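The values are calculated or read from the model by the stated rules, or taken from the named source; none is laboratory data. As the structure is a computational prediction, the values presented were derived from the model and not from experiment. For neighbour counting, all protein chains shown are included, and Cβ atoms are generated from backbone atoms with ideal geometry for every residue, glycine included. To get the accessible areas, we keep the full protein, side chains included, count just its heavy atoms, and leave off ligands, DNA and RNA. Shrake-Rupley method; radii C 1.70, N 1.55, O 1.52, S 1.80 Å.
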Amino acid sequence: MNEMLLEKAIIDGQSSIISAVKKLNENGLQFLMVADENGVLIGTVTDGDVRRGLLRNISLNEPVSSVMNTNPKWVYIGEVQKAHELMLLHRIRVMPVLNREHKIVDFIRLDAFAEKRFLYAPKNNQVLIMAGGKGTRLDPFTKILPKPLIPVGDTPIIEVIMKKFQHYGFNDFIISLNYKAELIKLYFAENPDGYNISYTMEKEALGTAGAIRLAKDRLDKTFIVSNCDVIVDVDFEEMLHYHQGQRNHATIVGVVKNIQVPYGVIRAKDGDLVEMVEKPEYNVVINSGVYVLEPDLIDLIPANKMINMPDLLLQAKEEGFKVGVFPVSTEWFDVGQWEEYKRTLDYFKNVEGM
C-alpha cells in the first residue's frame, strides 16, 4: 500500500467534521478510517455518516468521532476472501485492514475484485437531463461539440452522468435538447449500453426548469432532474428513499463545501473598523444541480417560458409544497467551466490510478 494513499484515508478522532469532509473530497474513496493516538481503528466515516450528523444539526466544527460509525466491518491482514464476502453482503466499498493489535495497516477497495458491482434493483423513475444549453463558458470547445459530448477521459460528460444513474438501477432517461441536438442524438443512436432514452426539444432556451413541462406526459411518478454539466458521487437510491421517506415534493441535493476567501475580510460600522479576519473560511451547502421532484410541481411551470430551478422551488415553497435538502459531503464538479473541467480530468485520472 502506498503510504501517501493510506495517510489520506485516515483521520484522527479529534479532528473536526469539516476536516473529514475535506479528506473525503480529496481521497477519491468517500471513506475514512478514524484512528486513536496509537493508530488503532475506532471507527469509520462515510458521506452517509456526515449527512446523518447534519440532519441531527451537529455542527461541522464538532469532532468527527461524533458522527463516525463506531462498529465498522474490518478484516485482519490476509483475510482477502472474507473482505470480499463482507463487502458484497453489506454493500461496503472500502474496508479497513488491521494487524493483531487492531492498528490500521491498509484498506481494501471493492474495485480490486472481479465481482465488484452491488446489485441495485431496477427503478422505473425517469431521469431528466437538461442538455440544451450552449455551454458558452466552455467556448470555443462548444463551437464544435455540444457541452454534453465534451469528454471526461474517454466518455462524454452526459454519459458519465448516465452511467452513475445506471449503476443505481435508473435506466429511463429523458434528454432535453436544443443546441446541436442532432449530434447528441447521433451519439446515442447505437446505444451499446442499453439506455432507455427519449428526447424533448426546446425551440428556445427555457432555463433549468422550463423544459420539464415539455415532458409532462411522461412524468407520472417521482422523477430526478440533473443538469448535464454536474458530476456528483451520490448514492441515488438512498437519495430517492430519503425524498420519499420525508414525503417531500422536491428534494435538492446539497453539497457541503468549505470555502476560503483568499483575502482579508473586514467588518465596519459607521466607517470604523470593527473586525478584520485574514482569509476566513466558511462552511456552506451549495446547490448541486440535481433534484428529486414530484409530478405535482409541473403545473407550476409556465408553458414555453424560461424559468430556472431555484425560482420554481422557491415558488413551490411559497405555495405550500414541501421542499427538502439531501446534504452530501462528496466531491462535486461543475464541468461547465474551464477550471472545473480541468480539475475534473485531474481528479478522475488520480482516482482511476489509485
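Here's the yes/no breakdown for (1) in contact with a Gly (Cβ under 7 Å, 6 or more places away or on another chain); (2) at pLDDT 95 or above:
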{"residue": "Val256", "(1), (2)": "no, no"}
{"residue": "Val292", "(1), (2)": "no, yes"}
{"residue": "Leu300", "(1), (2)": "no, yes"}
{"residue": "Ala303", "(1), (2)": "no, no"}
{"residue": "Lys322", "(1), (2)": "no, yes"}
{"residue": "Val325", "(1), (2)": "yes, yes"}
{"residue": "Gly336", "(1), (2)": "yes, no"}
{"residue": "Lys342", "(1), (2)": "no, no"}
{"residue": "Glu352", "(1), (2)": "no, no"}
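Only one of Ile174, Ile158 is open to solvent by less than 70 Å² (accessible area, probe 1.4 Å) and part of a helix (DSSP H, G or I). Can you tell me which? One residue alone meets the criteria, Ile158. Taking the range 239-333 and the strands (runs of 3 or more DSSP E) fully enclosed by it, the elements with 2 or more residues that are under 24 Å from Met201 (Cα atoms) and of a type outside the set (A, V, I, L, M) are at 281-293.
For the residues Asn258, Asn304, the requirement of being open to solvent by 80 Å² or more (accessible area, probe 1.4 Å), closer than 30 Å to Ile150 by Cα and over 15 Å from the mean Cα position of the chain (by Cα) singles out Asn304. Of note, Ile266 does not satisfy the criterion of being at pLDDT 95 or above and in contact with a Leu (Cβ under 7 Å, 6 or more places away or on another chain). Taking the criterion of being part of a loop (DSSP other than H, G, I, E, B), of a type in the set (A, V, I, L, M, F, W, C) and open to solvent by less than 90 Å² (accessible area, probe 1.4 Å), the residues of the range 63-118 that qualify are Val67, Met68, Trp74, Ile92, Phe113, Phe118.
Could you tell me whether any residue of the range 235-254 is of a type in the set (Val, Ile, Thr) and modelled with pLDDT under 95?
Checking the range 235-254: not a single residue is of a type in the set (Val, Ile, Thr) and modelled with pLDDT under 95.
Could you tell me whether any residue of the range 89-100 is closer than 19 Å to Gln30 by Cα, of a type in the set (Lys, Arg) and out of contact with any strand residue (DSSP E or B) (no Cβ under 7 Å at 6 or more places or on another chain)? The answer is yes, given that some residue of the range 89-100 is closer than 19 Å to Gln30 by Cα, of a type in the set (Lys, Arg) and out of contact with any strand residue (DSSP E or B) (no Cβ under 7 Å at 6 or more places or on another chain).
A quick yes/no check of all residues on (1) crowded, with 20+ Cβ neighbours inside 10 Å; (2) not aromatic (Phe, Trp, Tyr); (3) not in a helix (DSSP H, G or I):
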{"residue": "Ile11", "(1), (2), (3)": "yes, yes, yes"}
{"residue": "Gln14", "(1), (2), (3)": "no, yes, yes"}
{"residue": "Glu26", "(1), (2), (3)": "no, yes, no"}
{"residue": "Asn38", "(1), (2), (3)": "no, yes, yes"}
{"residue": "Leu41", "(1), (2), (3)": "no, yes, yes"}
{"residue": "Asp49", "(1), (2), (3)": "yes, yes, no"}
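The one condition from (1) crowded, with 16+ Cβ neighbours inside 10 Å; (2) at pLDDT below 90; (3) within 23 Å of the chain's Cα centre (by Cα) that Tyr195 does not meet is (2).
Pairing residues of the range 186-200 that are touching a residue at least 24 places away in the same chain (Cβ under 8 Å) and over 14 Å from Met162 (Cβ atoms) with residues that are open to solvent by less than 70 Å² (accessible area, probe 1.4 Å) and part of a helix (DSSP H, G or I), at Cβ distances under 8 Å and at least 6 apart in sequence or on separate chains, gives Thr200/Ala211; Thr200/Leu214; Thr200/Ala215. Say we look at the range 178-200 and pick out the residues that are β-branched (Val, Ile, Thr) and part of a strand (DSSP E or B); which of these is nearest to Ile212 (Cα to Cα)? The qualifying residue nearest to Ile212 (Cα to Cα) is Thr200.
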